[in-house]
Amino acid sequence: NDFWAVSLPNDLATSSPRSPSLFAYHAALVLLDAKALFSKIKVADLLDPSMHANRAAVERHHLFPKGFLSKQKITGIRDTNQIANYALVEWGDNANISDQAPADYLPNMKARFKEMELERMYRLHALPANWEHLDYRDFLEKRRELMAQVIAEGYSTLVAEKIGEDLEEVEIDLSKLVLNGESEAVEFKSTLRTNLHTGDKDARMELAVLKTLSGFLNTNGGMLIIGLSDDGTPVGIQADDFTNEDKMSLHLVNIVKSRMGIQAMTSLHAHFDDHDDCRVMVIKCRKSPTPIFLKDGNTERFFIRTGPSTTELSASQTQEYIKQRFMG
């Protein structure tokens, strides 16, 4: 909605080191278990005051260093110290980077990490693609938008934690969730099994639902609401043409058990609710203690949530993710 897409990016257009929006971004990095930029150490650990060093363990690094910007005739503190130009790094990296151009220092920094690590790092540190080659003003604008998305993702983990506290008993304000829109922890689907364009049952609709559920289970949990379009418009569950709600619940249980395994069902709870005069199915997902694979024909696929979307990982990415998420 407008807050995440317009108001928050505008609030991030500041050089104030005590901006509430900056604090929200740093809090989101902690909630999302992010590591400092170009580091193997978590932001939460680096911000821990019990860590001692000659300098602070973590420092705010100018992504476009002031010395570099001065050569571009950008010297005002309000310009160089925009919070969108800062990232949290270990102090040693900050000292090594000094006033180098981003395109000069970035290759050596990236060489330390695997592709999947870099993808997550770029997402959580709100770095646009090829940011090192962008015009500084364009970079700031794009990064503010991405920072707002990270803050939204951090907020969504609080929703996911609330969902996971007790799948059956925690009260969820459905209207508020719908108003906030889709996020890492919330997604809408129009139907469980019916293609609204053809009016026929369509296995692709079921697959889309199962992808979302497996993504929630493999990440931080979440909630899938069936009976709402992508923008939250009420559709209702009548298009799925089940005899009654019990039949719809049983169908969900059967496809989850057959394609994701009985373990997945222990982390799911479905119920029905009313929203804007429409009946919807609400599926709450707890963060799974074990990896959940989705059977698709003769193959098994692995999905996670990345922001408000579900992403399939390759075999090597899956192996690395399982090592970090389930065995770390």
Next item on the list: Kindly provide the set of residues from the stretch 176-215 that are of a type in the set (Asp, Glu) and in contact (Cβ under 8 Å) with a residue 40 or more places away in the chain, ordered by number.
Entry: 182, 184, 187, 206
Next item on the list: Run residue 220 past the list (1) closer than 19 Å to residue 265 by Cα; (2) at pLDDT 95 or above and report the number of the one that doesn't hold.
Entry: (2)
Next item on the list: List every residue pair whose Cβ atoms lie under 8 Å apart, where the two residues are 6 or more positions apart in sequence or sit on different chains, the first residue falls within the stretch 60-77 and is surrounded by 13 or more Cβ atoms within 10 Å (Cβ to Cβ) and part of a loop (DSSP other than H, G, I, E, B), and the second residue, located anywhere, is hydrophobic (A, V, I, L, M, F, W, C) and at pLDDT below 90.
Entry: 65/97
Notebook entry, point to check: What is the one condition in (1) of a type in the set (D, E, K, R); (2) within 30 Å of residue 201 (Cα to Cα); (3) modelled with pLDDT of 85 or more that residue 168 does not satisfy?
Noted result: (3)
Check: Quick check: is even one residue across the stretch 268-289 hydroxyl-bearing (Ser, Thr, Tyr), in contact with a helix residue (DSSP H, G or I) (Cβ under 9 Å, 6 or more places away or on another chain), within 30 Å of residue 41 (Cα to Cα) and without any contact (Cβ under 8 Å) to a residue 60 or more places away in the chain?
Finding: no
Next item on the list: Run down 147, 116 and say which single residue is modelled with pLDDT of 85 or more and not acidic (Asp, Glu).
Entry: 147
Margin query: Considering only residues that are surrounded by 16 or more Cβ atoms within 10 Å (Cβ to Cβ), of a type in the set (Gly, Ala, Ser) and outside any loop (DSSP other than H, G, I, E, B), which ones fall in the stretch 269-328?
Written below: 270
Next item on the list: Go through the stretch 211-250 and give me each residue that's outside any strand (DSSP E or B) and either surrounded by 24 or more Cβ atoms within 10 Å (Cβ to Cβ) or under 15 Å from the mean Cα position of the chain (by Cα) (or both).
Entry: 212, 213, 214, 215, 216, 217, 218, 219, 220, 221, 227
Margin query: Condition check: farther than 26 Å from residue 153 by Cα, in contact with a strand residue (DSSP E or B) (Cβ under 6 Å, 6 or more places away or on another chain), outside any strand (DSSP E or B) and touching a residue at least 12 places away in the same chain (Cβ under 8 Å). Does residue 258 satisfy that?
Written below: no
Item checked: Among residues of the stretch 183-207, those that are within 18 Å of the chain's Cα centre (by Cα), outside any strand (DSSP E or B) and of a type outside the set (Ser, Thr, Tyr), counted -> 2
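The values are calculated or read from the model by the stated rules, or taken from the named source; none is laboratory data. Since the model is a prediction, treat every value here as computed from it, not as a measurement. Positions of Cβ are backbone-derived with ideal geometry, glycine not excepted, and every protein chain shown enters the neighbour counts.
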